[in-house]
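The values are calculated or read from the model by the stated rules, or taken from the named source; none is laboratory data. Here the structure is a predicted model, which is why all the values come from computation and not from measurement. FYI the Cβ positions are ideal-geometry reconstructions off the backbone, even for glycines, and counts take in every protein chain you see.
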Ligand code: TTP
Ligand code: MG
């Protein structure tokens, strides 16, 4: 393999953090979010998933499926601290590191791999260190392509390592929905045109693909043919953080939308990892694809979740056209100014002596 890329994703991350500090939860169905039937589920542990509970499910539905589950409120500070510990360990292995969410990262391990007899052995070594230092388990995909490693890390969840030597063979029988970026809507387009498995793309005519699936389809065909060489996109800070949700069915009820909006605020706040923002924006796309975005700029930067929720809700209820049904909503934080803890401490230090 010319480049060796690992994708690491922690197992049922928020629940695993909760179980770490409260071992009595182990073996029981645990759900973070969706308490009292309100809000949406952030994640569920594997015991709760057996009942059909999953991320983004309305709490009321989760309660119906798993009435005896233990429902916990989100503790974002704890998840963020645990995430920092994990990322600190992973960063040691390579300079070419890309954290993509609170619980997942890509690592270019081309050099590090030389120390091991096999890629599996290297994976075991990293997993062991993560577990010994954090008591949390992860799953790992290793291949020569960023996308394939991402797909592979999900292959043997929880706590599995999947090394992909032959990209084409590995992807051939996987459902098309395993490709990151193919969601509910595009899935329907692929299905309608006879593509159910990734391998179904291999023999399709290029013009057919362009016509029906666009340029993205050509990229996925290359992937299916074992020709994907996607690299790590090393990130130097973010300009903004945004999250959006497209509903499988358009929604009318502002109260239902409020729940989704607050869940998006939680997610974008988790992504923020303590950075300060000055601008909070919301996006609403109606059934007819007309969209509006509205933003609010604070006088001074903030890094609290409450402020995001307050401003997002204000913007939302001030601007929503309640006559129209909604297909997508989004929340964005911009005008970022990094973490300020150090500066604040320094300021406190000076204040003490002046
Ligand atoms: P994921 O890695 O998607 O899920 P997970 O770690 O809970 O489970 P898995 O073992 O399948 O990887 O997301 C990481 C965390 O992000 C998750 O623990 C909670 C949070 N999250 C939300 O808050 N809302 C969501 O819709 C999703 C998908 C995740
Ligand atoms: Mg995860």
* Would you mention how many residues in the stretch 306-324 are surrounded by 16 or more Cβ atoms within 10 Å (Cβ to Cβ) and modelled with pLDDT under 95? => 1
* Asked: Which one is surrounded by the most Cβ atoms within 10 Å (Cβ to Cβ), of the residues in the stretch 239-268 that are in contact with a helix residue (DSSP H, G or I) (Cβ under 6 Å, 6 or more places away or on another chain) and farther than 22 Å from residue 334 by Cβ?
  -> 251
* To do: Only residues that are in contact with a helix residue (DSSP H, G or I) (Cβ under 7 Å, 6 or more places away or on another chain) and not in a loop (DSSP other than H, G, I, E, B): list them for the stretch 113-132, please.
  => 113, 119, 122, 129, 130
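Per-residue answers, yes or no, for (1) within 28 Å of residue 303 (Cα to Cα); (2) within 8 Å of ligand 1 (Cβ to nearest atom); (3) in contact with a helix residue (DSSP H, G or I) (Cβ under 6 Å, 6 or more places away or on another chain):
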site	(1), (2), (3)
3	no, no, no
14	yes, yes, yes
30	no, no, yes
49	no, no, no
55	yes, yes, no
64	no, no, no
77	yes, no, no
* Working carefully through the options 184, 168, 197, find the one that is modelled with pLDDT under 95 and farther than 19 Å from residue 232 by Cα. => 184
* Structure fact -> For the stretch 85-111 the number of residues that are assigned to a helix (DSSP H, G or I), in contact (Cβ under 8 Å) with a residue 40 or more places away in the chain and surrounded by fewer than 19 Cβ atoms within 10 Å (Cβ to Cβ) is 2
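Residues are listed down the side, and each one gets a yes or a no for (1) within 16 Å of ligand 2 (Cβ to nearest atom); (2) surrounded by fewer than 15 Cβ atoms within 10 Å (Cβ to Cβ):
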site	(1), (2)
128	no, yes
131	yes, yes
141	yes, no
145	no, no
172	no, no
188	no, yes
191	no, yes
* Asked: Of the residues in the stretch 20-41, how many are more than 22 Å from residue 271 (Cα to Cα), surrounded by fewer than 21 Cβ atoms within 10 Å (Cβ to Cβ) and within 16 Å of ligand 2 (Cβ to nearest atom)?
  -> 0
* Take the stretch 1-19 and flag every residue that is in a loop (DSSP other than H, G, I, E, B) and buried (at least 23 other Cβ atoms within 10 Å of the Cβ). => 12
* Selection count, the stretch 143-186, where residues are closer than 18 Å to residue 3 by Cα and either outside any strand (DSSP E or B) or under 19 Å from the mean Cα position of the chain (by Cα) (or both) -> 16
* Do any residues in the stretch 40-59 that are at positive phi have Cβ atoms under 8 Å from those of residues that are more than 11 Å from ligand 1 (Cβ to nearest atom), where the two are at least six apart or on different chains, and which pairs are they? -> 52/65; 52/66
* Asked: Just a yes or no: is a residue in the stretch 59-70 within 19 Å of the chain's Cα centre (by Cα) and either more than 12 Å from ligand 2 (Cβ to nearest atom) or in a loop (DSSP other than H, G, I, E, B) (or both)?
  -> no
* Structure fact -> Flagged in the stretch 135-160 as touching a helix residue (DSSP H, G or I) at 6+ places or on another chain (Cβ under 9 Å), closer than 23 Å to residue 46 by Cα and more than 14 Å from ligand 1 (Cβ to nearest atom), in numbering order, are 135
* Failed condition for residue 261, given (1) in a strand (DSSP E or B); (2) under 23 Å from residue 185 (Cβ atoms), with all others met? -> (1)
